[in-house]
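Asks: Structure incoming, see below.
Bear in mind that the values in this text are calculations on the coordinates, not laboratory data. Not measured: the values here are computed from a predicted model. Here Cβ is always computed from backbone atoms with ideal geometry, including for glycine, and neighbour counts include all displayed protein chains.
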Amino acid sequence: MSAKANIGVVGLAVMGSNLARNLASREGNTVAVYNRSYARTEQLITEHPEARFIASETIDDFVASLAKPRTAIIMVQAGAGTDAVISQLAERFEPGDIIVDGGNALFTDTLRREAAISPTGIHFVGAGISGGEEGALKGPSIMPGGSAESYKTLGPILSSIAAVAEGEPCVTHVGTDGAGHFVKMIHNGIEYADMQLIAEAYDLLRNIGGFSPAEIADIFTEWNKGELESYLIEITAEVLKQVDAKTGKPLVDVILDEAGSKGTGVWTVQTSLNLGVPVSGIAEAVFARSLSSQRAQRDAANNLPAETFPFEVPNKEAFVEEVRLALYASKIVAYAQGFDAIRAGAKEYNWNIDLGAVSKIWRGGCIIRAQFLNRIAEAYGKDANLLSLLLDGYFTDAVAKSLGAWRRVVAGASLAGYPIPAFASSLSYYDGLRAERLPASVVQGQRDFFGAHTYKRVDMPGTFHTLWSGDRTEIEAEPSTH
Ligand code: 6PG
């Protein structure tokens with residue numbers, strides 16, 4: 001065998017095949033391809049005879065077809081399947097070679113795998129790849145972790161296939177070991193929030209504004225020309241335009257209103273809770289999917305008292321603008337929370353993550369791609385240590401312009417009886433963040449009363465406990481440990 005491949009792909013389902021085709025279409029790449037069942041490999045090379053593939057029937061031939069440092073991207077289902085392929089490659093690879101997991105692995109699995117493999121001298125890289133099947137083929141946003149050493153080989157290859165935004169490839173070395181999969185997980189959490197917020201905007205325009213799905217599609221198309229420009233707004237307009245061939249009704253009216261989830265949003269919330277980061281917009285988006293799937297409860301609750309108050313819309317155009325402003329402000333909160341989670345994760349796991357670089361690679365290729373990410377990149381470009389995106393001048397002004405509308409939409413929707421969990425929780429998060437005093441003082445008093453968990457005072461240093469069951473004098477105390 002003469003020519004060798006500079007990159008390999010294991011797992012040729014649609015994502016893997018599309019990624020292999022993307023790689024093979026770029027100057028300088030020859031792509032080794034392998035799939036457990038050879039039929040799929042055969043299908044790929046038969047359908048794309050022009051592509052620079054080196055196909056192998058066995059994993060041994062696949063490894064032999066790779067030039068050193070051997071570099072292989074695993075594109076199989078996250079979980080046991082990935083572990084099996086990692087073992088096969090680790091048994092055959094040598095120090096300096098690179099194993100890349102391109103699936104949606106949980107970052108703690110990547111940490112475990114990297115810790116197990118890197119002592120052998122083989123590099124293990126967890127890389128988030130966002131953009132779905134089309135992105136894999138035409139240009140995804142790619143979030144590789146792993147060693148800086150591995151990125152010397154991997155970086156140019158991934159840059160050759162990544163989406164391009166503002167002239168820059170949407171790929172960067174996010175950080176070491178599990179940083180890439182961590183950031184991809186947060187991307188997915190933000191994606192959930194983005195999708196939920198758009199869905200809530202749709203629900204208000206439909207039920208309070210009285211617009212049809214087709215009219216809302218036109219509204220979203222209009223919004224897509226401004227600060228809300230994004231892939232998700234664009235595709236939602238397409239979904240709302242769609243007429244069901246079987247019934248002639250708007251497709252959105254015949255789709256069962258029970259949302260699925262492969263779990264990455266759940267991971268984001270679980271991880272953020274452990275990190276102590278309030279990601280209320282993302283969490284409410286996850287909860288909304290869970291609530292939508294509680295069919296029996298929902299059917300039983302269908303006739304619960306409503307006692308709603310009409311949300312008068314004297315001027316439909318003004319209402320549309322108010323919903324748009326509420327959506328934009330809520331979106332800013334969701335992204336601010338997501339980036340807070342990345343910063344907290346970087347601190348916890350000792351990653352040096354450049355938030356500006358992350359926002360730049362999300363400008364293209366990924367599901368949350370949007371013009372808005374340029375503004376985030378500018379914010380972190382001005383201050384890499386920004387305490388919150390909400391404190392950046394651009395976003396502070398954007399929220400200030402939206403605040404009245406945001407409050408009226410949340411209040412009106414609540415009075416009218418329409419669920420807006422992400423809109424409402426984002427507004428409360430914003431008000432909580434800026435509040436001079438929070439009722440956490442009451443919580444501390446409660447905790448000290450029933451659990452002697454102690455509290456601090458505003459007017460002097462120290463830790464205190466009140467003798468609630470005694471004469472209620474206050475004593476200095478050690479912070480409680482139970
Ligand atoms: C992407 C998407 C993708 C996502 C699936 C499943 O970045 O291309 O985020 O990775 O995980 O579309 O999404 P659900 O969790 O909504 O099922």
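Asks: How much length is gained on full extension from Thr396 to Gln294, taking 0.36 nm per residue of separation minus their Cα-Cα distance?
Replies: Residue separation times 0.36 nm, minus the Cα-Cα distance, leaves 33.0 nm.
Asks: Under a cut-off of 17 Å between alpha-carbon atoms, report the aspartates and glutamates in cross-link reach of Lys347, not counting same-chain residues fewer than 8 places apart.
Replies: Qualifying aspartates and glutamates at Cα under 17 Å: Asp177.
Asks: Could you list the residues of the range 458-482 with an amide nitrogen less than 17 Å from a label point located 7 Å from the Cα of Ala435 in the Cα-to-C-beta direction?
Replies: 458
Asks: Give a quick list of GluC sites (Glu not before Pro) in the range 1-87 that DSSP marks as loop, anything other than H, G, I, E or B, with at most 15 other Cβ atoms within 10 Å.
Replies: Glu27, Glu50, Glu57
Asks: Going through the cross-link list Lys246/Lys316; Lys138/Lys249; Lys152/Lys360; Lys68/Lys184; Lys152/Lys382; Lys184/Lys331, which pairs have a Cα-Cα distance over 24 Å in this structure?
Replies: With Cα atoms farther than 24 Å apart: Lys246/Lys316; Lys138/Lys249; Lys68/Lys184; Lys152/Lys382.
Asks: Still on this structure, I have one more. So what's the projected area for the chain, the Cα convex hull averaged over all directions, in nm²?
Replies: Averaged projected hull area, Cα only: 29.0 nm².
Asks: If each residue of separation counts as 0.36 nm, what is the full-extension length gain between Asn274 and Arg407 once their alpha-carbon separation is subtracted?
Replies: 44.8 nm
Asks: Just tell me which aspartates and glutamates come within less than 13 Å, Cα to Cα, of Lys4; anything on the same chain fewer than 8 places away is out.
Replies: Reachable aspartates and glutamates: Asp61.
Asks: To continue, here is another question. Return the FRET efficiency for the residue pair Ala90, Thr247: r is the Cβ-Cβ distance, R0 is 60 Å, and the value is rounded to the nearest 0.05.
Replies: Computed FRET efficiency for Ala90 and Thr247 comes out at 0.70.
Asks: Using a cut-off of under 19 Å, list every residue of the range 98-119 whose amide N is near the label point 7 Å from the Cα of Ala13 along the Cα-to-beta-carbon line.
Replies: 100-107, 109-110
Asks: Right, here's the next one. So, in Å, what gap is there between the alpha-carbon centers of the range 1-54 and the range 193-207?
Replies: 41
Asks: Separate question: Take every DSSP beta bridge with both residues inside the chain and express the antiparallel ones as a percent of the total, to the nearest 5.
Replies: 40
Asks: Moving to a separate point now. Counting only the backbone N, which residues of the range 144-169 are under 18 Å from the spot 7 Å out from the Cα of Ser118 toward its beta-carbon?
Replies: So the set is 144-155.
Asks: Only bridges with both residues in the range 93-146 count here: give the DSSP antiparallel percent, nearest 5.
Replies: Of those bridges, close to 50 percent are antiparallel.
Asks: Between Ala5 and residues 5 or more places away or on another chain, which pairs have amide H atoms under 5 Å apart, with H built 1.01 Å from N, and which residues are they?
Replies: Excluding prolines and chain starts, which carry no amide H, the hits are Leu66, Ala67.
Asks: Which of the GluC sites (Glu not before Pro) across the range 390-478 are loop residues per DSSP, with 13 or fewer other Cβ within 10 Å?
Replies: Glu436
Asks: Now for a different question. In the range 379-482, what chymotrypsin sites (Phe, Trp or Tyr not before Pro) fall in a loop by DSSP, with at most 14 other Cβ atoms inside 10 Å?
Replies: Trp468
Asks: Shifting gears a bit: Would you give the gap between the C-alpha center of the range 275-300 and the C-alpha center of the range 96-171, rounded to a whole Å?
Replies: Their Cα centres are 31 Å away from one another.
Asks: Using a basic spin-label model with each label point 7 Å from the Cα along Cα→Cβ, how many nm lie between Asp257 and Phe464?
Replies: 5.0
Asks: Rounded to whole Å, give me the distance from the Cα center of the range 317-359 to that of the range 235-258.
Replies: Using only Cα atoms, the two centres lie 30 Å from each other.
Asks: Continuing with the same structure: What does the extension gain come out to for Thr473 and Ala67, with contour length at 0.36 nm per residue minus their alpha carbon separation?
Replies: Result: 138.5 nm gained on full extension.
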